[in-house]
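Computed from the coordinates by the stated procedures, all read-outs in this text should not be read as laboratory data. None of these values were measured; they are calculated from a predicted model. Neighbour counts run over all protein chains shown; Cβ positions are idealised from the backbone, glycine included.
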Amino acid sequence: MGKVKILTDGMVLKSTFLGIVLSIATVALASPYRPTNDNEVVDTLPVGSSTYQTRLVLRSSVKPPFSVVEPQINALLARSYSQGDPRASGQAESLLEPYIKDNTPQIMMYRATILQSNHHFDESKAVLQDILKKIPNQPDSVLMLSSINLVQGRFDDARQECNGLRDMGMMVLRFACLGQVDDMTGKIINSRDVLSKLTQINNGLDAGQLRWLNLILADIALRLNDYVLAKSVFEQLDMTSAPSLTARADWLIDHQNWAETQHLLASHKDNDALLLRLVISEIHLKSPDAQADYQLLSDRIKVWQERGETAHQREEAMFAMILHPPEDALDLARSNWQKQRETADVVIYTNAAIRAHSLADMKIIQDWIKQTGFEYPRLTQVLAQSIRAG
């Protein structure tokens, strides 16, 4: 096949689809395994594992005090974030279910977190707003509400929430929150400088907050193609959590470092977003593993579709860019765009619109960039060239 321009999640590159893609396209995809009856054993949980302990609590007829299950919920949500494991979020949701009518701010915060992790953004925001009616300017609620508004592209609302952090002890988080909004609204250089200083000062930031700042900086480095910043960020980020691995993989793919991408992600096939990036690198390397990993990802996407899940539309659109007609990817990217407006969503929508030669969609993106001040010079240049070409 001839050369095509591809803008994948967090990257801009040129590539040739190699011969292995054609062989992958002819593979018959395996169907997900389905039990034949409710009594069939599909797996055995190791005694003492976190999942085993969760099942014990769920099977109990006695509702324990929330203080008993809270450590498990915390651990499951941490695993859901760090490993990108939706099963952990589902287990946390099940543990929380008996307490769902308890409207203490503590339990409401867990409810909002789970809703957010499942991409039920408006429902999560409603819970957070209820918390803030009880405890005005509660920091965790303010930060999450701002982050959700940011994901949805509601930048004015996101900035307003940041300004709700008024306690002097919260000033570092307030500056970080505002820097995240500036990053998306025409002040990327200022945001880079402020956030870089905050990570250097590290005044009272815990490990999670420091990772949050570095992930924002990783996105800035990618968009500005800033090698110095990228080096600094990836030296500080852990390479064990899924968000950190995703950021590193996107930088490597953007610079067509397929071999290092494969090496980085080869042992992380359990995470769908990382598996997707692994497949992209393997195809470019003509790796003998590409065919099997492509099929594995295809099977997982079928499961999402059968369940009616919409939280993975970004990944579905990226996957559709590999082999499917460009219109398929555009439909998914356009639908995803209605829910999310992060860098990765801008990139995949632009990519799909260009591939499908959809001038209307390209102009929607261009108008949004002009309106918000969003900065990604390479993407903006490719988009403008494509619009001029018609």
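Of note:
- For the range 61-177, the relative contact order comes to 14 percent (Cα pairs under 8 Å, sequence separation of at least 6).
- Global form of the range 163-307, assessed from the alpha-carbon gyration tensor, a/c cut-off 1.5: prolate
- Filter on Lys63/Lys101; Lys133/Lys339; Lys101/Lys125; Lys302/Lys363; Lys231/Lys269 - keep pairs with C-alpha separation over 20 Å: Lys133/Lys339; Lys302/Lys363; Lys231/Lys269
- Within the range 206-294, none of the GluC sites (Glu not before Pro) combine a DSSP coil assignment with at most 11 other C-beta atoms in a 10 angstrom radius.
- Along the range 228-239 the Karplus relation, 6.51 cos²θ - 1.76 cosθ + 1.60 evaluated at θ = phi - 60°, assigns HN-Hα couplings of 5, 5, 4, 4, 5, 5, 6, 6, 8, 6, 5, 10 Hz to successive residues, with x for each Gly and Pro.
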